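Report on one structure; see the data block that follows.
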Amino acid sequence: MKKKQEGSSKLDDLLLSILRQDSRTSNTKAAQKLNLSESAVRRRISNLVSSGKIRKFTIEVDDTGLSSAITMVSVNPGVATREVSTKLKGVKGVEAVYETAGQFDIAVLVTGSNIVAVNETIEGIRRIQGVISTTTSMVLRTIR
């Protein structure tokens, strides 16, 4: 039984790799690449969604006209980091929130139509209760 689970896990990892490359890959095309039936791929994707391994399907857009920054946030030790992270996600212009280990507690990806919009978002981050300091680096170029 363990051997079957290992093989199953490897197939799921390969399927996830295919979907990371292009989330619009059809089940039929993925099935051909994995030497599986289309229904088996559909079932695997459904199981990956049900288990939480796949949380959402999304798109990547050309954001070359936008300004962005990475803001590192220090949280007051008396306030739960998770609480601050949840509040940060609601600030306009916050693209992603990552809880981190090390010198800073949270890393925030900020985007805006221009540097003024990015600065407004950073000001919004600083106003959240529990944020004691921020350090921001502007993104000059994104390489994917």
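Between residue 106 and residues 5 or more places away or on another chain, which pairs have amide H atoms under 5 Å apart, with H built 1.01 Å from N, and which residues are they?
Sorted by chain and number, the residues that satisfy this are 73, 100.
Once amide H atoms are placed 1.01 Å from N in the peptide plane, what residues at a sequence separation of 5 or more from residue 91, or on another chain, have their amide H within under 5 Å of its amide H?
The answer is none.
Calculate the dipole size of the chain relative to its Cα centre from +1 charges on Lys and Arg beta carbons and -1 charges on Asp and Glu beta carbons; express the result in debye to the nearest 20.
Magnitude of the dipole: close to 800 debye.
Each residue of region 129-144 in turn: what ³J(HN,Hα) in whole Hz from Karplus with 6.51, -1.76, 1.60 and θ = phi - 60°, glycine and Pro shown as x?
With the stated coefficients, region 129-144 comes to 4, x, 7, 9, 6, 9, 9, 10, 10, 6, 7, 8, 7, 10, 10, 10 Hz.
Chymotrypsin sites (Phe, Trp or Tyr not before Pro) within region 31-133: which are DSSP loop residues with at most 10 other Cβ atoms inside 10 Å?
Counting only loop positions with at most 10 other Cβ atoms within 10 Å, the chymotrypsin sites (Phe, Trp or Tyr not before Pro) in region 31-133 are 57.
Placing +1 on the Cβ of each Lys and Arg and -1 on the Cβ of each Asp and Glu in region 67-138, which of 133, 68, 79 has its Cα farthest towards the positive end of the resulting dipole?
79
Applying the Karplus parametrisation 6.51 cos²θ - 1.76 cosθ + 1.60 with θ = phi - 60° to the phi angles of region 84-97, what ³J(HN,Hα) value in whole Hz is obtained for each residue in order, glycine and proline being reported as x?
5, 4, 4, 5, 4, 4, x, 7, 4, x, 7, 8, 8, 10
Would you kindly compute the Cα radius of gyration of region 61-144 and its largest Cα-Cα separation (Dmax), both in Å?
For region 61-144, the Cα radius of gyration and maximum Cα-Cα distance read 12.4, 40 Å.
Against the empirical 2.2 N^0.38 Å scaling, what ratio does the C-alpha Rg of region 22-73 come to?
1.65
No lab work stands behind these numbers, since they all come straight from the coordinates. For clarity, every value in this text was computed on a predicted model and none was experimentally measured. Using ideal geometry, Cβ is built from the backbone for each residue, glycine included, and neighbour counts are taken over all protein chains shown.
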